[in-house]
Amino acid sequence: MMSINKKEDIRLGLHRSDYMLDSETNSLLQIELNTIASSFPGLGSLVSELHRTLLKQYGKVLGLDPKRIPQNWAATQFAEALGRAWAEYNNDSAVVLMVVQPEERNMYDQYCLVNHLKESYGVATIRKTLAQVEAQGQVLTDGTLVVDGRTVAVVYFRAGYAPTDYPSEAEWRARLLMEQSSAVKCPSIAYHLVGTKKIQQELAKPNVLERFLDNKDDIAKLRKSFAGLWSLDNEEIVRSAIQKPNLFVLKPQREGGGNNIYGQDLQDTLIKLQKEQGEALAAYILMQRIFPKASLTPLVRGGDCFEDLTISELGIYGAYLRNRDKVILNNQSGYLMRTKVSSSNEGGVAAGFAVLDSVLLTDE
């Protein structure tokens, strides 16, 4: 896209920035920023509503106020962003293309957005895998993307972030086809890459945020949310991580859960990478390990209720839409609360590591 100087007039980002509460500093520290396939705006909103309804019924018995669970508008706000991006494309007969995995397990979360889009904005959505896009898609001479005979206004990726999403050249051809078109991409390939761990680590370097922000208070607030982040060319930090591996997390440039490296595996991997040198080092970043306070929690999974020590991760959704220099949307769009047993290193719900939860506000 850079070699052909591809211009993207309309930019749409549906993000989720994930945080954990560090017990040592009592601060919310950022885990990562997701710029592609930010999942659970639909089911997360439903779980908040479920918990609020349960507290309306049993809150007096439990001593909990349902009003303390904040309203969660993630699904409707993401649908609004998609609907407004569709409107900016300015073709009433066009559809939203949702790119999904072949064996999609998270379709009900996605259907929440599809239903809101249809009911509130009258916008139709078609669901296709990358392989189906390659087989059924074409870009017309004017840049219009047509898939299965339908003009596409917005491509919304809920797949395409993991190497397993590209088992053959056909999937890469599909991605290239969509990028070359005039359809609004959520995200475009450049926007997708902004969400990599490497960019997160680069933004944490001294004087980098100043390139993008003028307000010193905003810069200070952002920096306060950054955990320690280092590239592997920092030999002193790498030595520290080998000596004290439990204080660090080794992160590859991957999404989808189950990819991070901890403890003895982290130590072994760093020693191996030091021997290999070269590009192998650039494939990872080191991050300070965050230690949230664990609480005893009743959990329900598969119809069974059990108690275990858990920690939680808070995701804040955001929607951003602009057309050339005009910013149309730049909103906080609800939240996602995930809770997992404290013995688990990973936090993905779809990957089987965590459960959906809600925020309950207190006076503490």
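The values are calculated or read from the model by the stated rules, or taken from the named source; none is laboratory data. The model shown is predicted, which means the values in this text are computed figures rather than measured ones. Using ideal geometry, Cβ is built from the backbone for each residue, glycine included, and neighbour counts are taken over all protein chains shown. The area values use the complete protein model at the heavy-atom level, side chains included, leaving out ligands, DNA and RNA. Shrake-Rupley method; radii C 1.70, N 1.55, O 1.52, S 1.80 Å.
Remarks
Yes/no per residue for (1) basic (K, R); (2) over 29 Å from E24 (Cβ atoms):
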residue: E171; (1), (2): no, yes
residue: A174; (1), (2): no, yes
residue: R223; (1), (2): yes, no
residue: V238; (1), (2): no, no
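- The criterion of being buried (at least 17 other Cβ atoms within 10 Å of the Cβ), among the hydroxyl-bearing types (S, T, Y) and not in a strand (DSSP E or B) holds for S39.
- Any pair with Cβ under 6 angstrom, 6 or more apart, that starts in the range 120-138 at a residue that is without any contact (Cβ under 8 Å) to a residue 24 or more places away in the chain and ends at one that is surrounded by 15 or more Cβ atoms within 10 Å (Cβ to Cβ) and not in a loop (DSSP other than H, G, I, E, B): Q136/V147
- From L130, L145, L113, residue being at pLDDT 95 or above, among the aliphatic types (A, V, I, L, M) and closer than 21 Å to L46 by Cα: L113
- If you go through the range 252-276 and keep only what is without any contact (Cβ under 8 Å) to a residue 60 or more places away in the chain and either surrounded by 16 or more Cβ atoms within 10 Å (Cβ to Cβ) or under 30 Å from G160 (Cβ atoms) (or both), you end up with P252, Q253, N259, I261, D265, L266, Q267, T269, L270, K272, L273, E276.
- Number of residues in the range 75-90 that are over 13 Å from L113 (Cα atoms), surrounded by 13 or more Cβ atoms within 10 Å (Cβ to Cβ) and of a type outside the set (D, E): the value is 5.
- Residues (of a type in the set (A, V, I, L, M), in a helix (DSSP H, G or I) and open to solvent by 10 Å² or more (accessible area, probe 1.4 Å)) located in the range 152-187: A170, L176, L177
- Matching entry among G13, G63 (being buried (at least 20 other Cβ atoms within 10 Å of the Cβ) and either touching a residue at least 12 places away in the same chain (Cβ under 8 Å) or on the phi > 0 side of the Ramachandran plot (or both)): G13
- Unmet criterion (only one of (1) over 22 Å from H192 (Cβ atoms); (2) loosely packed, with under 11 Cβ neighbours inside 10 Å) for E279: (1)
- L176 among the hydrophobic types (A, V, I, L, M, F, W, C) and without any contact (Cβ under 8 Å) to a residue 24 or more places away in the chain: yes
- Annotation: N72 fulfils all but one of (1) part of a helix (DSSP H, G or I); (2) open to solvent by less than 20 Å² (accessible area, probe 1.4 Å); the unmet one is (1).
- Odd one out for A190, checked against (1) under 21 Å from the mean Cα position of the chain (by Cα); (2) part of a helix (DSSP H, G or I); (3) farther than 30 Å from D142 by Cβ: (3)
- Residue match in the range 129-136 (condition: among the aliphatic types (A, V, I, L, M) and closer than 25 Å to Q332 by Cβ): no
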